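S.K.: One structure coming up, written as structure tokens, with questions to follow.
Computed from the coordinates by the stated procedures, all read-outs in this text should not be read as laboratory data. Predicted model only: the values in this text are computed from it and were never measured. Positions of Cβ are backbone-derived with ideal geometry, glycine not excepted, and every protein chain shown enters the neighbour counts.
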């Protein structure tokens, strides 16, 4: 894989997608893939490098009330033509609490990735959905209203600590997805 370069772009609200993106970058670097990582919330669109400088592209977003982060949605819409013309592996992933539920996983994966991209007019063949974070601690990035809503939604789930850090991400799934993307770079 030496010599391959990947661009990872993401939008995060509470840090889950950021953590996933950083883990993907770490796995890629461990497999001799160079990675440039950009948070679209803190990086002006004009500072995002041109896609053609890369051998692959991954985009990730958090999901809240069924919606991508504003920054990812705007970026994908603005760069639709460039995304469709980019003739190298393109991947997309979402981070959603519902993706951690085996009964909801497939629905989340299809609706929030492939179907959402189809509505915009962007084709990406490699995609997945990962669980998110429910951080009810004092240092949480969530607003008090978000905490209240999520606590109510999770009140009957014995796996959720209503006062703690609940990491619903499956790191083995994330690693498998990332290694699968690396394999696409060889084709």
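S.K.: Gaussian network model of the chain, Cα springs within a sub-10 Å range: biggest mean-square fluctuation belongs to which of 18, 26, 138?
M.R.: In this elastic network of the chain, the residue with the biggest mean-square fluctuation among 18, 26, 138 is 138.
S.K.: Next up: Sorting check: for 118-124, 47-53, which peptide has the highest mean count of neighbouring beta carbons within 10 Å, and how do the rest follow? Present the calculation step by step, with values, prior to reporting the outcome.
M.R.: Working: 118-124: 13.7, 47-53: 11.6.
So the peptides 118-124, 47-53, ranked by packing, come out 118-124, 47-53.
S.K.: Before rounding to the nearest 500, sum -39500 (n - 2.57) across all DSSP H runs of length at least 4 in the chain and divide by the residue total; then give [θ] at 222 nm in deg cm²/dmol. Working shown, then result.
M.R.: Values: 7 runs with 66 residues, N = 187.
Helix-only estimate at 222 nm: -10000 deg cm²/dmol.
S.K.: Further question on the same structure: In degrees from 0 to 90, rounded to the nearest 10, what is the angle of the helix 16-30 Cα long axis to the longest principal axis of the chain?
M.R.: The angle comes out near 40 degrees.
S.K.: Quick check: pseudo-label points 7 Å beyond the Cα along Cα→Cβ at residue 179 and residue 103, how many nm apart are they?
M.R.: Between residue 179 and residue 103, the label points sit 3.1 nm apart.
S.K.: May I pose another question? Place a point 7 Å from Cα of residue 88 in the direction of its Cβ. Which residues in region 38-72 have their backbone N less than 17 Å from it?
M.R.: 38, 48-60
S.K.: Assuming R0 = 30 Å, what is the FRET efficiency of residue 32 and residue 123, from their Cβ-Cβ distance, to the nearest 0.05? Don't jump to the answer; show the numbers that get you there.
M.R.: Values: r = 28 Å, r/R0 = 0.95.
Here the calculated transfer efficiency is 0.60.
S.K.: Would you mind telling me which residue in 65, 35, 94 has the biggest mean-square fluctuation in a Gaussian network model of the chain, where springs connect alpha carbons within a distance under 10 angstrom?
M.R.: 65
S.K.: So how tilted is helix 171-186 from the main axis of the chain? Cα-based, degrees 0 to 90, rounded to 10.
M.R.: For 171-186 against the chain, the angle is about 10 degrees.
S.K.: Given a cut-off of under 8 Å on Cα pairs at least six residues apart, what relative contact order in percent is computed for the chain? The partial results should precede the final answer.
M.R.: Values: 316 pairs, mean separation 42.2, N = 187.
With pairs under 8 Å counted, the relative contact order is 23 percent.
S.K.: Please give the FRET efficiency for residue 186 paired with residue 78, using the beta carbon to beta carbon distance and R0 = 22 Å, rounded to the nearest 0.05.
M.R.: 0.15
S.K.: So, in nm, how far is label residue 157 from label residue 42 when the simple model puts each one 7 Å beyond its Cα toward the Cβ?
M.R.: Each label point lies 7 Å from its Cα, and together they span 2.7 nm.
S.K.: Checking the a/c ratio against 1.5 first, then a/b against b/c, what shape does the Cα gyration tensor give for region 1-56? The partial results should precede the final answer.
M.R.: Numbers: a/c = 3.48, a/b = 1.25, b/c = 2.79.
Oblate shape, in that a/c is at least 1.5 and b/c is the bigger or equal ratio.
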